[in-house]
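Inspection log for the structure reproduced underneath, given as structure tokens.
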Amino acid sequence: MPIANAPKAIALISGGLDSMLAAKVVANQGVDVEGVNFYTGFCVEGHTHAIRRRDQAKPKRNNALWVAEQLGIKLHIVDVVEEYKDVVLNPKHGYGKNLNPCLDCKIFMVGKAMEMVGFHGNPFDFAITGEVIGQRPKSQRKETMPIIARESQANDRLLRPLCAKNLPETLPEREGWINREELFGMSGRSRKPQMELAKQFGFKDYAQPAGGCCFLTDEGYSNKLGDLWTARSKRDYELDDIVLLKVGRHIRPNPRFKMMIARDEGESRFLEGYRKAYVSLRAADRRGPLALIDGEANATDIKLAARVVARYSKQQSDGQSIVNVNYVDGTAESVSAVPFEPYEIPDAWHVGA
């Protein structure tokens, strides 16, 4: 429990181990810590864990909320989907390996946290991140640390408890709110120091760091987003667009249209919610996935799409399938389709594979 009149800090909580440890280190020094999690729409755990079939899905929890519960702190969840678009579309510092604007993203997140710090009567005195020098190749390098602090306007009100001893002294340290000797000097990509510290704190069931928490770092997802921009001849997106990129197989037989095909019952149920916005197809005479069509498919394209849907449906000995097609205007038809053989669907049709 923080002491009366204790300094207050806002901690960026991603749901990962580093931000969890950073907040704990500061809270252990008597600082009143609250967390903030910014929702961009690109989070890995935001939808997919709840959509996939239960016997294959990971534990269905929001890791940021879970971290806040373990720490016993209040968590602010802030929707930044619209504001974040400019970060994705026009990153000043460019992209990483894929369409991940990691440095611009960190500047944006810290800047948003700073809106809660030290100005206009806001209650927080400084901000905390779980950054570790050398942990990430794009945003967590020693030369990028001052860039983030400067361009976010955090300056020396930004404390990085896990690597603070490798960085210049900050305002919280100079003011005596934080004892520098109780901070850390971690660096590099090894997770062993964090795991050892987690053990000391008694943290066991924390999120694993592999792959990060953002779909934009994923090559397949980035390819799907790039394909979306190419197909629509503009670099933009809506929340539904980026959510649907997380779901199903994406197959583009030609530039006119793309198919989104559920991989299991959970994804089929999820895609059901979009049937009024997209042409949908599903086998009528056998078990199979729901598929949506994005684009301007003509009559020939619909017949081809029906063959693709039949390919991913339960096969029968007669080699024929009836596929129900439902259009956005409320009309429907049934199409007889011969399922494609697996080898007949070119690799080039698979978007993001």
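Odds and ends about this structure:
- Selection from ALA305, THR331, TYR274 lying farthest towards where the dipole of the range 247-351 points positive, charges on Cβ: TYR274
- Both radii are taken from the alpha-carbon atoms of the range 247-351; with Rh as the Kirkwood radius, Rg/Rh is 0.92.
- The chain: angle of helix 299-311 to the longest principal axis, Cα-based, in degrees nearest 10: 70 degrees
- Signed unit charges on C-beta, dipole axis of the range 139-269, positive-most listed residue ILE242, CYS163, GLN140: ILE242
- Pair SER190, LYS204: separation of 7 Å Cα→Cβ label points (nm): 2.5 nm
- Pairs of Cα atoms nearer than 8 Å and 6+ residues apart set the relative contact order; for the chain it is 15 percent.
- Here's how it looks for HIS350: its modeled amide H is under 5 Å from those of ARG252, which are all 5 or more places away or on a different chain.
- Two-decimal ratio, the chain, of alpha-carbon radius of gyration to 2.2 N^0.38 Å: 1.18
- Accessible area per residue in Å² at 1.4 Å probe, computed on the chain: 49 Å²
- Charge dipole magnitude, Cβ of K and R +1, D and E -1 - the range 199-276, Cα centre, debye nearest 20: 220 debye
- Computed magnitude of the charge dipole of the range 8-215 (debye, nearest 20; Cβ of K, R +1, Cβ of D, E -1): 920 debye
- Taking all protein chains together and rolling a 1.4 Å probe, LYS234 ends up with roughly 120 Å² accessible.
- Segment LYS303-ASP156, length gained on full extension (0.36 nm per residue, minus Cα span): 46.7 nm
- What a 1.4 Å probe finds exposed on the chain is 49% carbon and sulfur by accessible area, rounded to a whole percent.
- Net lengthening on full extension, ASP240/VAL81 (0.36 nm per residue, minus Cα-Cα): 56.1 nm
- Computed lengthening from ASN324 to LEU65, 0.36 nm per intervening residue step minus Cα-Cα distance: 89.1 nm
- Entry for the range 69-220 at q = 0.10, 0.21 Å⁻¹: log10 I(q)/I(0) = -0.39, -1.64, Debye formula applied to identical alpha-carbon scatterers, no solvent contribution.
- Accessible-area ranking of GLU267, GLU181, GLU272, largest first, probe 1.4 Å: GLU181, GLU272, GLU267
- Antiparallel beta bridges, as assigned by DSSP with both residues in the chain, represent about 60 percent of the total such bridges.
- Size of electric dipole in the chain: Cβ of Lys, Arg +1 and of Asp, Glu -1, about Cα centre, debye, nearest 20: 760 debye
The values are calculated or read from the model by the stated rules, or taken from the named source; none is laboratory data. Here the structure is a predicted model, which means the values were calculated and not measured. With ideal geometry, Cβ positions are generated from the backbone for all residues, glycine too; neighbour counts draw on all protein chains shown. In case anyone asks, the SASA skips ligands and DNA or RNA and just uses the protein heavy atoms, side chains included. Shrake-Rupley method; radii C 1.70, N 1.55, O 1.52, S 1.80 Å.
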